[in-house]
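Some notes on the structure that comes next.
The values are calculated or read from the model by the stated rules, or taken from the named source; none is laboratory data. These figures come from a predicted structure and were not determined experimentally. With ideal geometry, Cβ positions are generated from the backbone for all residues, glycine too; neighbour counts draw on all protein chains shown. Heavy atoms of the whole protein, side chains included, go into the accessibility calculation; ligands, DNA and RNA do not. Shrake-Rupley method; radii C 1.70, N 1.55, O 1.52, S 1.80 Å.
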Amino acid sequence: MANFPSRIRQRLPLADLASAAVWASLGAALVIHGCAPDSVAKDPTAPRHALPSAPVAVTPAAPAVPAAPVVVVAPVVPVFEQRPSVPSTEPDLRIRVAALRSASPLVRLTNPSGKLVMQGAGLAPRAVRTPVDVRQTANGWRVVELAGSKRAASMEVALAGPIEFHPPAGVHGVVAFDGTDWPGPLRLVPLADEPGVPGAIDVVIDVPLERYLPGVLAKELLRSWDLEAFKAQAIAARSFAICEHAHWSSVRHYDLIAGEASQAWVGVTKDPKPREAVQATRGMVLSFEGRVVPCYYSSTCGGTPANAAESLTHNPNHGIAPLAAGATAATAHRDCCADAPRFRWQQSFANAVICERIRRWATDQREAQAEREAQVVRVAQVERDGRMQPACAVAPVDGAALGKNASPLKGAATPITATASASVTAAQALKVESVTSEPSVGTRASTPASPSPAASATGVPAAVSVPVATVRSAAQVPARNGIVDIADDAPLSELTALTAIRSINIIAVNAAGRPTSLAIHDAAGHVLQLRAEDFRRAVNYAREGEPTPKDRLNSSHLLQVTVKGTEIQFVGQGFGHGVGMCQYGAQSMARSGANALLILRTYYPGAAVVRAY
């Protein structure tokens, strides 16, 4: 997998993680809002108590005994990862296309040529005849060639880690799985301690970024839409993928999910329009102050944009201009998507159903908080040498600490732990939401820095690389159930006991008029305040391995909420989180003659399109 040459990883001693865990137990809000006050220094002018004078017997000096090391726990400033520098080469991505959580799942793979090449760490490449059935065993993998036929042949593969299947080169360079042609190779990653699910597997595809993108556009947009809308989507999707790759490359064994939690992806597509849009914008990304913008987007903003930092993420580094179109009424693109099918809508949910989903969401959020802190302590216990660590730093999360698995062809493989490989479900962490998929919610880090790029002869500025130090706080480690963004500012304890809702009120809106905070009045008389987007996230919640609810709240842009009998009725606007580009709005602009650059300038104010490679 390609690494960015300008990217520098700062590695700090693991004992910092112990400090992080202790501080987290004192107040998780500090992870969001900053550092604790400095410890109080001893006053050098304070009176000293003298020891009474007395005869002292002189005895032979005893051998010096080394003093025991003293562990000094200092306040920790959580440091969030910066947005990545603009890459100079095309990165290779790892896309998780399936999370198989049933006991001992069976994977069937095929290829039009009838052959695949099986590989793994320490395993010599071997041609196998398709269909191939693969199942995890106690000692590795059971692989069956010509599965389902009279000539089926079974073999036991002693391989503790992932196993890969590569397609032949040329026109047959795909691996077919679950009815879809994926631009292989395909990797099966075992999850060693997935709770209650022996043999759980993640299915991951390794693919270059530019080969990945046409399948994203083919799924994200409607085929009849204008080419300029496809070009804008290509640049946004490329920028988003680069940020996800940079963030997750040292944390887990995949960068993105083929679905609502990241970007929708159909694998190989023959549709000419997505391919043309990707080719025409090759290497172009959205940049702000020298770093790539994590280009969130959603189907329909409802005419009122959201700001990432106040609705979508708890990471303060998301407070950059391109992700804050709703910060002022002047940048609000009202009625840009008035012709979208879900520009205005009404929905009704059973009160009991909403309460049950909120309880499950809050329960898993609290478990994620505990897991986050416990994980930091476990990692810190690996190396505890008593050295005092810097007070305002946190050790980076790397593959060795978390049991990360790279491709088995690139290094030794070890079983992945469920904590390290926890996937992000659609209801737990939204990255982007398309016109062809249901909404979901999530986060990503970004910190502006460095100069703006200079213009090139083509009119698209050349990129200026900015070194990136990747230092993460404990808050950025994936927790159980795949939760990566914990709602530390929500009343989670009270929400776990929610049984009935009496009313829901909008108590805060952004400058564009979009709700940012809600107050839930429960049957016990409590008033529970939480972010509007967290409320939608909770109502739409599904745990890892569970299907997402069919009846999901379209948007947190609520106009009116009425509790009527056993039902809760919602009137609202838009479909999705509303941060970044509105896909229906982009198509409306393209239909009116706007090009991709104007579309992106509208939805990511202050950002510039640059050619990275």
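Computed quantities for the displayed model
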{"read-out": "The one condition in (1) open to solvent by less than 30 Å² (accessible area, probe 1.4 Å); (2) in a loop (DSSP other than H, G, I, E, B) that residue 88 fails to fulfil", "value": "(1)"}
{"read-out": "Matching residues in segment 264-278 - criterion: being more than 20 Å from residue 174 (Cα to Cα) and touching a residue at least 60 places away in the same chain (Cβ under 8 Å)", "value": "277"}
{"read-out": "Listing of strands (runs of 3 or more DSSP E) fully contained in segment 100-146 that carry 1 or more residues being of a type in the set (Ser, Thr, Tyr) and either open to solvent by 50 Å² or more (accessible area, probe 1.4 Å) or closer than 28 Å to residue 171 by Cα (or both)", "value": "106-110"}
{"read-out": "Members of segment 279-321 found to be open to solvent by less than 10 Å² (accessible area, probe 1.4 Å) and under 15 Å from residue 238 (Cβ atoms), listed by number", "value": "281, 283, 285, 286, 287, 291, 292, 293, 294, 295, 296, 297"}
{"read-out": "Matching entry among 244, 260 (being out of contact with any Cys (no Cβ under 6 Å at 6 or more places or on another chain) and open to solvent by 10 Å² or more (accessible area, probe 1.4 Å))", "value": "260"}
{"read-out": "Residue identified as part of a strand (DSSP E or B), open to solvent by less than 20 Å² (accessible area, probe 1.4 Å) and acidic (Asp, Glu) among 156, 164", "value": "164"}
{"read-out": "Sole exception among (1) within 14 Å of the chain's Cα centre (by Cα); (2) at pLDDT 95 or above; (3) not small (Gly, Ala, Ser) for residue 265, by number", "value": "(1)"}
{"read-out": "Answer from 536, 514, 601 - the residue that is touching a residue at least 24 places away in the same chain (Cβ under 8 Å), of a type in the set (D, E, K, R) and either in contact with an Asp or Glu (Cβ under 8 Å, 6 or more places away or on another chain) or within 26 Å of residue 286 (Cα to Cα) (or both)", "value": "514"}
{"read-out": "Count - residues of segment 493-528 that are open to solvent by 10 Å² or more (accessible area, probe 1.4 Å), among the aliphatic types (A, V, I, L, M) and not in a strand (DSSP E or B)", "value": "5"}
{"read-out": "Cβ pairs under 7 Å, 6+ apart, first in segment 180-193 and open to solvent by 10 Å² or more (accessible area, probe 1.4 Å), second of a type in the set (D, E, K, R)", "value": "185/164; 185/206"}
{"read-out": "From 525, 513, residue being farther than 26 Å from residue 305 by Cβ, out of contact with any strand residue (DSSP E or B) (no Cβ under 8 Å at 6 or more places or on another chain) and not hydrophobic (A, V, I, L, M, F, W, C)", "value": "525"}
{"read-out": "Residues within segment 556-591 that are open to solvent by 50 Å² or more (accessible area, probe 1.4 Å), outside any strand (DSSP E or B) and farther than 26 Å from residue 235 by Cβ, tallied", "value": "2"}
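Listed here are the residues, each with its yes/no results for (1) at pLDDT 85 or above; (2) open to solvent by 10 Å² or more (accessible area, probe 1.4 Å); (3) over 15 Å from residue 602 (Cα atoms); (4) touching a Lys or Arg at 6+ places or on another chain (Cβ under 7 Å).
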residue: 336; (1), (2), (3), (4): yes, yes, no, no
residue: 365; (1), (2), (3), (4): yes, no, yes, no
residue: 368; (1), (2), (3), (4): yes, no, yes, yes
residue: 371; (1), (2), (3), (4): no, yes, yes, yes
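So that you can scan it fast, the table gives a plain yes or no per residue for (1) open to solvent by 10 Å² or more (accessible area, probe 1.4 Å); (2) not in a helix (DSSP H, G or I):
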| position | (1), (2) |
| --- | --- |
| 203 | no, yes |
| 207 | no, yes |
| 238 | no, no |
| 252 | no, yes |
| 270 | yes, yes |
| 276 | yes, no |
